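The values are calculated or read from the model by the stated rules, or taken from the named source; none is laboratory data. Because the structure is a prediction, the values reported are computed rather than measured. When we count neighbours, we look across all protein chains shown, and the Cβ atoms used for this are built from the backbone with ideal geometry, even at glycine.
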Amino acid sequence: MKYPVNEVFETIQGEGFYTGVPAIFVRLQGCPVGCSWCDTKHTWELLDVNKVQPEMVIQVDGTIGRWSELTTSELISFLKQKEFTASHVVITGGEPCLHDLTAMTEEFNDAGYSTQIETSGTFEVHCSEKTWVTVSPKLKMKAGLAVLPQALKRANEIKHPVATASHIDDLDELLNGVDLKGKTICLQPISQKTRATELAMRVCIERNWRLSIQTHKYLDID
Ligand SMILES: C[S@@+](CC[C@H](N)C(=O)[O-])C[C@H]1O[C@@H](n2cnc3c(N)ncnc32)[C@H](O)[C@@H]1O
Ligand SMILES: Nc1nc2[nH]cc(C(=O)O)c2c(=O)[nH]1
Ligand code: SF4
Ligand SMILES: [Mg+2]
């Protein structure tokens, strides 16, 4: 199976439960959700004019919505060719769960990599059992709301973006009735805003949740 890949790069996981862990990011192109504050808007559209050769996406893109079709075995050979040493692969986007990621994650696992998916929970999550699933719930899409319970059930981690108190209310409503046993809940301030960070810190302390700051942005790394 081929996946539309926007960029592949090695860095430090900057967010959530695995913050600080060396990781290879596979960013898939395409997302229909449309969050106004999204920091990867260049991944939204899958345009034919932006299709490039595979070699061009094995590095950081960062601005343009270019993409190439790659199979997982092609990806794995690129990682080896580049001599990447991280053994944790994070599949993000765009919205990676537009695709069935079972074959991809199993192939990475079989090759010795641990896997993690970053998803908005608006499309069903299909991946290997071993995969760590981070759901950052998005309530924007009507169709997505029907899917969110499945995604939250599969989630190992719920990483909620927050800017205002209303986002905490949204999360409370969303988590009502969800079995949270074994799941980590993180609040992630939107766009390093001081008020958002203060709010997230306060609520994390009150609730015994975790703070997820986008550490790569403070470090100015990818
Ligand atoms: C770019 S998204 C890609 C994966 C998937 N579409 C999702 O939303 O989870 C990766 C993570 O970045 C978060 N994110 C995006 N823009 C952000 C921003 N401006 N500030 C804080 N977090 C942001 C998302 O909520 C998500 O947790
Ligand atoms: N360093 C780093 N950590 C990240 N964690 C989640 C990211 C994402 O864009 O999904 C991301 C990213 O883009 N860079
Ligand atoms: S779902 Fe993720 S990639 Fe899509 S717009 Fe929202 S934050 Fe961006
Ligand atoms: Mg990012």
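Looking only at the range 160-174, decide whether some residue is in a helix (DSSP H, G or I), in contact (Cβ under 8 Å) with a residue 24 or more places away in the chain and closer than 17 Å to residue 23 by Cα. If you could, list the steps in order and put the result at the bottom.
Let us first name the residues in the range 160-174 that are in a helix (DSSP H, G or I), namely 165-174.
Now restrict to residues that are in contact (Cβ under 8 Å) with a residue 24 or more places away in the chain: 165, 168, 170-171, 174.
Checking the rest, the ones that are also closer than 17 Å to residue 23 by Cα come to none.
Looking through the range 160-174, none of the residues is in a helix (DSSP H, G or I), in contact (Cβ under 8 Å) with a residue 24 or more places away in the chain and closer than 17 Å to residue 23 by Cα.
Taking the range 84-95 as the search range and keeping residues that are over 13 Å from residue 7 (Cβ atoms) and touching a Ser or Thr at 6+ places or on another chain (Cβ under 9 Å), which one is surrounded by the most Cβ atoms within 10 Å (Cβ to Cβ)?
The residue in question is 89.
Would you pick out the residues in the range 18-40 that are within 15 Å of ligand 4 (Cβ to nearest atom) and part of a strand (DSSP E or B)?
The answer is 23, 24, 25, 26, 27, 28.
Check off (1) on the phi > 0 side of the Ramachandran plot; (2) within 11 Å of ligand 2 (Cβ to nearest atom); (3) not aliphatic (A, V, I, L, M) for residue 34 and give me the number that stays unchecked.
Failing condition for residue 34: (2).
Report whether or not residue 148 is modelled with pLDDT of 95 or more, within 15 Å of ligand 1 (Cβ to nearest atom), within 21 Å of residue 19 (Cα to Cα) and part of a helix (DSSP H, G or I).
When the stated conditions are applied, residue 148 does not pass them.
From the residues in the range 18-46 that are of a type in the set (Phe, Trp, Tyr) and closer than 19 Å to residue 138 by Cβ, which one is surrounded by the fewest Cβ atoms within 10 Å (Cβ to Cβ)?
37
What residue, among those in the range 47-83 that are assigned to a loop (DSSP other than H, G, I, E, B) and buried (at least 18 other Cβ atoms within 10 Å of the Cβ), is nearest to ligand 4 (Cβ to nearest atom)?
Filtering the range 47-83 for residues assigned to a loop (DSSP other than H, G, I, E, B) gives 47, 52-53, 58-66, 71, 82-83.
When the remaining residues are screened for being buried (at least 18 other Cβ atoms within 10 Å of the Cβ), the result is 58, 61, 65-66.
Details: 58: 18, 61: 12, 65: 15, 66: 17 Å.
Result: 61.
Taking the residues in the range 87-124 that are of a type in the set (Asp, Glu) and more than 19 Å from residue 12 (Cα to Cα) as candidates, determine which candidate is farthest from the chain's Cα centre (by Cα).
First, pick out the residues of the range 87-124 that are of a type in the set (Asp, Glu): 95, 100, 106-107, 110, 118, 124.
Okay, now just the ones that are also more than 19 Å from residue 12 (Cα to Cα), so 95, 100, 106-107, 110, 124.
Working: 95: 8, 100: 15, 106: 18, 107: 19, 110: 21, 124: 14 Å.
Per the criteria, the residue is 110.
On the given criteria, is residue 69 closer than 17 Å to residue 7 by Cβ and in contact with a Cys (Cβ under 8 Å, 6 or more places away or on another chain)?
No: the conditions fail for residue 69.
State yes or no: is residue 15 of a type in the set (D, E, K, R), in a loop (DSSP other than H, G, I, E, B), more than 16 Å from ligand 1 (Cβ to nearest atom) and over 17 Å from residue 105 (Cβ atoms)?
Numbers: of a type in the set (D, E, K, R): yes; in a loop (DSSP other than H, G, I, E, B): yes; more than 16 Å from ligand 1 (Cβ to nearest atom): no; over 17 Å from residue 105 (Cβ atoms): yes.
Answer is no for this residue.
Report yes if residue 95 is under 30 Å from residue 160 (Cα atoms), out of contact with any Asp or Glu (no Cβ under 6 Å at 6 or more places or on another chain) and of a type outside the set (Gly, Ala, Ser), otherwise no. Before the answer, list the steps.
Working: under 30 Å from residue 160 (Cα atoms): yes; out of contact with any Asp or Glu (no Cβ under 6 Å at 6 or more places or on another chain): yes; of a type outside the set (Gly, Ala, Ser): yes.
For residue 95, the condition - under 30 Å from residue 160 (Cα atoms), out of contact with any Asp or Glu (no Cβ under 6 Å at 6 or more places or on another chain) and of a type outside the set (Gly, Ala, Ser) - is met.
Go through the range 211-222 and give me each residue that's of a type outside the set (Ser, Thr, Tyr) and either part of a loop (DSSP other than H, G, I, E, B) or touching a Lys or Arg at 6+ places or on another chain (Cβ under 9 Å) (or both).
Quick first cut of the range 211-222, residues of a type outside the set (Ser, Thr, Tyr) only: 211, 213-214, 216-217, 219-222.
If the condition is that a residue be of a type outside the set (Ser, Thr, Tyr) and either part of a loop (DSSP other than H, G, I, E, B) or touching a Lys or Arg at 6+ places or on another chain (Cβ under 9 Å) (or both), then 213, 214, 220, 221, 222 are the ones that fit.
Test residue 150 against the criterion of being under 17 Å from the mean Cα position of the chain (by Cα) and in contact (Cβ under 8 Å) with a residue 40 or more places away in the chain, and give yes or no.
Numbers: under 17 Å from the mean Cα position of the chain (by Cα): yes; in contact (Cβ under 8 Å) with a residue 40 or more places away in the chain: no.
For residue 150, the condition - under 17 Å from the mean Cα position of the chain (by Cα) and in contact (Cβ under 8 Å) with a residue 40 or more places away in the chain - is not met.
Residue under question is residue 124, and the condition is that it be charged (D, E, K, R) and crowded, with 23+ Cβ neighbours inside 10 Å; does it hold?
Working: charged (D, E, K, R): yes; crowded, with 23+ Cβ neighbours inside 10 Å: no.
Taking the combined requirement at face value, the residue does not satisfy it.
Per-residue answers, yes or no, for (1) small (Gly, Ala, Ser); (2) surrounded by 13 or more Cβ atoms within 10 Å (Cβ to Cβ); (3) within 23 Å of residue 148 (Cβ to Cβ):
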site	(1), (2), (3)
180	no, no, yes
183	no, yes, yes
204	no, yes, yes
212	yes, yes, yes
216	no, yes, no
